1. Would you confirm whether or not the stretch 62-72 contains a residue that is part of a helix (DSSP H, G or I), touching a residue at least 24 places away in the same chain (Cβ under 8 Å) and out of contact with any helix residue (DSSP H, G or I) (no Cβ under 6 Å at 6 or more places or on another chain)?
2. Being out of contact with any helix residue (DSSP H, G or I) (no Cβ under 9 Å at 6 or more places or on another chain) and in a helix (DSSP H, G or I) is the filter here, so list the residues in the stretch 16-31 that pass it.
3. How many residues does the stretch 106-137 hold that are within 24 Å of residue 52 (Cα to Cα) and either in contact with a strand residue (DSSP E or B) (Cβ under 8 Å, 6 or more places away or on another chain) or not in a helix (DSSP H, G or I) (or both)?
4. Could we say that residue 46 is surrounded by fewer than 15 Cβ atoms within 10 Å (Cβ to Cβ), touching a helix residue (DSSP H, G or I) at 6+ places or on another chain (Cβ under 7 Å) and either under 30 Å from residue 110 (Cβ atoms) or at pLDDT 95 or above (or both) here?
5. Take the residues in the stretch 159-187 that are over 21 Å from residue 209 (Cβ atoms), crowded, with 19+ Cβ neighbours inside 10 Å and free of Cβ contacts under 8 Å to residues at least 60 places away in the same chain; name whichever of them is farthest from the chain's Cα centre (by Cα).
6. From 156, 148, 201, grab the single residue that is more than 23 Å from residue 78 (Cβ to Cβ) and buried (at least 23 other Cβ atoms within 10 Å of the Cβ).
7. Go through the stretch 138-149 residue by residue and tally those that are part of a helix (DSSP H, G or I) and within 12 Å of residue 59 (Cβ to Cβ).
8. Residue check, residue 189 against (1) within 24 Å of residue 51 (Cβ to Cβ); (2) modelled with pLDDT of 95 or more, all met but one. Which one?
């Protein structure tokens, strides 16, 4: 495995190469959040799925295969394959229309969801507090962890109407990855946000399954 200095060097080179795409993906993510709150429906669902289709495909191909090469060999292709698979699942759902993004009705869920979305957008601020400045900032839409966190928070609010395979694949990335790799090995303290989002999404998934069983 590469060392911490090399890892952050890759992140800085990637951030510099793709600028100003980071600004565009953040603005679109903010627009998506507003649409889900104010204009939920088929058009918002379509737009949100297109966004994640592009972002996850970009991360899989451009970040992992063309820039990152964080784990030379088979692991590099496994990580790229994971994000390309996530992109493909969002494409499929454009036609299947199983996922319906919505803002939760429950007051406590609204507050938690709002806090988590703000935290996802605050990834660069947490990074700066840890000494990670542009172009080494990790940003939603162009980097795997905040994008996975953003998707999980939105999908948790869509339960039970979601793609369970897509949900579980995101959880596999969001929960163990920061605990065993990102935080202890590379000092990516901002990925604590993804971990919190992942644990919340896991709780909501288990809670949703229990509720469905109880109703049955």
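The values are calculated or read from the model by the stated rules, or taken from the named source; none is laboratory data. All figures in this text were calculated on a predicted structure; none of them were measured in a lab. Note: ideal-geometry Cβ built from the backbone for every residue, glycine included; neighbour counts use all protein chains shown.
1. yes
2. First, the residues of the stretch 16-31 that are out of contact with any helix residue (DSSP H, G or I) (no Cβ under 9 Å at 6 or more places or on another chain): 16, 19-20, 23-24, 27.
Once the filter is applied, which keeps residues that are out of contact with any helix residue (DSSP H, G or I) (no Cβ under 9 Å at 6 or more places or on another chain) and in a helix (DSSP H, G or I), the stretch 16-31 yields 16, 23, 24, 27.
3. Pass one, the stretch 106-137, residues within 24 Å of residue 52 (Cα to Cα): 109-127, 134-137.
Right, trim to either in contact with a strand residue (DSSP E or B) (Cβ under 8 Å, 6 or more places away or on another chain) or not in a helix (DSSP H, G or I) (or both) and you get 122, 134-137.
Residues meeting the conditions: 5.
4. On the way: surrounded by fewer than 15 Cβ atoms within 10 Å (Cβ to Cβ): yes; touching a helix residue (DSSP H, G or I) at 6+ places or on another chain (Cβ under 7 Å): yes; either under 30 Å from residue 110 (Cβ atoms) or at pLDDT 95 or above (or both): yes.
Criteria met by residue 46.
5. Just the residues of the stretch 159-187 that are over 21 Å from residue 209 (Cβ atoms), to begin with: 177-187.
Okay, now just the ones that are also crowded, with 19+ Cβ neighbours inside 10 Å, so 177-178, 182, 186.
Checking which are free of Cβ contacts under 8 Å to residues at least 60 places away in the same chain leaves us with 177-178, 182.
Details: 177: 13, 178: 13, 182: 15 Å.
Only one residue tops the list, namely 182.
6. Details: 148 fails: more than 23 Å from residue 78 (Cβ to Cβ); 201 fails: more than 23 Å from residue 78 (Cβ to Cβ).
Residue meeting the stated conditions: 156.
7. Filtering the stretch 138-149 for residues part of a helix (DSSP H, G or I) gives 144-149.
Those left that are additionally within 12 Å of residue 59 (Cβ to Cβ): 144-148.
Here the count works out to 5.
8. (1)
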